[in-house]
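I have placed the structure first, in the form of structure tokens, so that the comments after it can refer back to it.
The values are calculated or read from the model by the stated rules, or taken from the named source; none is laboratory data. Note that this is a predicted model, so its numbers are computed, not measured. Methodologically, a virtual Cβ is constructed for each residue, glycine included, from the backbone with ideal geometry; neighbour enumeration extends over all protein chains shown. In case anyone asks, the SASA skips ligands and DNA or RNA and just uses the protein heavy atoms, side chains included. Shrake-Rupley method; radii C 1.70, N 1.55, O 1.52, S 1.80 Å.
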Amino acid sequence: MKFIYPLLSLLGITSVYSAEVDPMHFLETYCIACHGGEKQKGKRRFDHLDLEITDFEKVEHWQEIVDQLNLYDMPPEDEPQPSDEQRDAMIDFVTAKLTEAQAKMKSSGGHTVLRRLNATEYRYTIEDLLGIKTEMWDPAADFPKDVAIHGFDNNGEALVTSSMLLEEYLEAAESIIEKATNFGDKPEMQLWASWHPFHFSKLPEDLVDAPRNEVYSFDRYRPKYKGDYTKLVGRHDRGGSIGFRPWAMDGAPESGIYTVRVKVASSGVNHPYPKALSRAGSQPGDLNILELRAVDRRASLSATRVMVREKLTNEEPEWLEWDVYIEKGYQPEVRMGNGPGAAKNLMRIVLKGEGADLEHMQPFLEKSDDDGLARWHNFFEAYQGPQIRVYEIQVKGPHPEPWPRKGQQLLFSDIKDGKKISHGKANDQLMAFAEAAYRRPVKEGELDDILEMVYTMKKQDDVSDLEAVQFGFQAILASPGFLYLSQSEGALDSYALASRLSYFLYSSMPDQELLDAAATGELDLLAQTERMLQDPKSDRFVKEFLYDWLHYNNVGEMPPSNKAFREYYRDQLGTAMATETEMFFRDLLDRNGELKHFLDSDYTFLNEPLANHYDIEGVEGLEFRRVELTDRRRGGLLGQGSFLTASANGVDTSPVVRGVYLLEQVLGEVPAPPPPDVPGLEPDIRGASTIRDMLVKHREIKTCAECHATIDPPGFALENFDAIGGWRTNYGEDGKGLPIDASGRLKGDVEFDGVVQFKEHLLTRQDQFARCLTEKLLTFALGRELDIQDRPEIDRILSDLDSKGNGLKDLLLLVVTSEMFASN
């Protein structure tokens, strides 16, 4: 003890110890055996610590000790334990010493490094700056992927700018300015119609509802039959689609809002092939879903966007109508959103189906025994399975909009044709554009090089005035003023603060009202945040924060197996799951709901396909709505498909992976990595029949047992959920394997049996979840990792939050009004 015990005189005080605890004796008794000179578990060594806390390394070590004591994670259960009174006294004493030390050491640490826009922010900023829709046309499509640190891809340290990225910025800038430039006349509304693959026309208004002639349709990719409609029988990604023939070659003539009308009917929902089609991904009683997509035939089938999903219930033809945005060059395409696999395989599947009534097929099949193609066509004429009948498609647009468009107005103002642009006018437009793009006033001399370059180009005979000025605009979009957030060290000025707030809530540049407030030098963050949360653009915050916090990129990197989880793609469950979590978060934010609802709740937001996936009855249609839960397994994040899919590998589940994921994203605990000399699972697992048995064997390795005692129980609590969040009671693809044991024992002798009891335990740790969520929000808002210097401000936020009732909106407001948010 003499080697680590500090003298009281070093502190200049006569008494520092509580009557219940001597802190250094506490360390010697309960910590040094595992974290001393001879042994350093988790690479932690505490025998050098004293109570003169003068640097941030000591602050970090002492804070870690306090945190482990608070969580009852240390000392390990198989080691001597302090009494609760000793533990509490040690926590109180060290916390007081840390507060005192941090106040003395408050300095210039914890800065956000110079941070460029990530790809998401770049897209949104271009959209808001120039009015260019980026849903289908992505100016950042070829950028190198942004590196994420602990899930967050807006961390300044990781957002490096390589030579390759600089080249991509220049190419993107050229395309952006070209797309935003339009000296043409305002487009007129037009009407087109298509009724069958080879019958289409541009129609005058008075013929919109005129009857069409019955035709004999034939398409090599679809069956031939007589009638006034075309059948869709296969799933959308396997051939079940009808394009819009008038735009087949060049797509929409202009970007804009179009009215799309489709005359359509549903048929065959209840069909005679239940066993056969269940193997093809369909179920008896499935709803038929019409999907309207925007498709770029000139690129690839992957260049698509779902514009509308509509549940069809009417067997008689009816007109459906939507107003949708279609990019220039794209065309609308009608698809079957949940058909039974590939149309070309249906005949083989149905005719081999067990127990199917196929008498209605025989007359048609007998007519064409020797002709394979005719046999296939005749089969579909008799086919009574799920199908969508499309009679006609009409498109009208583009709808009237302000002209010139936003980008043209910003770039060229009152310049009529761009043929002749004076030096003075070029200077004015470049300065105006730079101020908008830089999100602040242009500094003196900041554009000198760009202006000089433009003037030099204008003098060249082979360069037009328009090309020279456009080159200047491109240079602005590739300059640091646009690509980087202006955040100098210390207190942020009003423009930098406006950008920080806007990129937090909008993932984009400040709107005009926020910039106007910044120009006065008096930015009311509270009032501006309240206003901005009412703007639909704040949905970007919900989406992007959840993506980073819950690591949705895991799903993209390890997507669910199409073979094992066909319904995930057939019913578009990935999109539905994300929507559920976003609406849940948005609801809590709008009504300032308590944070505890993230851990358990009695409601969620569902549509029919997702409700079916959760085995919840009474939800009909594709629209999402609030649903009260009687099944407590589904309440809160832990029962939501997005959380469960992001914590799996697309094929199966692992209690270890899910356990680590839950600890990190919900409780803010980061387990130590496994020792380098220990395999992922002990090779000798003879006698092990389930993942639980394997982990029991694995925990026989002493160096693994301690961490797995913390990691495994939360993972086991979620083991009844498969890799896409479906409920299961047994292992095996057919659900008939060994039964699943979802019980566990947590530290502190807390036992649970299943996810419901585990969530009851989580509700006793609401304070820990609140700290975790606060740190995640601050990381996202500041664009940097937090460190020990941020702890006092986080503690203050949490204290204020507790006094206000622990509402999500209150937490957000406390974050944006914190000292950390307003400084760098």
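Side notes on the structure shown:
- Computed FRET value (nearest 0.05) for Q190 with Q766, which takes r as the C-beta separation and R₀ as 56 Å: 0.45
- Rounded accessible area of E291 (nearest 10 Å², 1.4 Å probe): 0
- Region 410-496 - Debye-derived log10 I(q)/I(0), Cα point model, q = 0.10 Å⁻¹: -0.27
- FRET efficiency estimate (nearest 0.05) - Cβ-Cβ, A382 to N427, R0 45 angstrom: 0.05
- Paramagnetic label reach from M558 (point 7 Å along Cα→Cβ; backbone nitrogen cut-off under 17 Å): within region 614-642, residues 641-642.
- The stretch between L738 and E620, if pulled fully straight at 0.36 nm per residue, gains 39.1 nm over its current Cα-Cα span.
- The aspartates and glutamates within cross-link reach of K563, meaning a Cα-to-Cα straight distance under 12 Å and a gap of 8 or more places when in the same chain, are E733.
- Rounded to the nearest 10 square angstrom, R261 shows an accessible area of 50 square angstrom against a 1.4 Å probe.
- Within the accessible surface of region 756-824, defined with a 1.4 Å probe on protein heavy atoms only, the carbon and sulfur portion equals 43 percent.
- Residue-count net charge about E446 - beta-carbon cut-off 14 Å; Lys, Arg +1, Asp, Glu -1: -2
- With DNA, RNA and ligands ignored, accessible area of L166 (1.4 Å probe; Å², nearest 10): 80
- In the structure shown, the pairs K537/K759; K186/K425; K179/K396; K231/K396; K596/K736 are assessed against 28 Å; a Cα-Cα span above that value is assigned to K537/K759; K596/K736.
- You can think of it this way: the chain between S162 and D539 has 132.6 nm of extra reach, that is 0.36 nm per residue less the Cα-Cα gap.
- N730-D449 pseudo-label distance in nm [points 7 Å out on the Cα-to-Cβ vector]: 7.0
- FRET E, pair D88, I257, Förster distance 56 Å, beta-carbon r, rounded to 0.05: 0.30
- Gain in span if fully extended, R531 to E64, counting 0.36 nm per residue against the direct Cα distance: 164.2 nm
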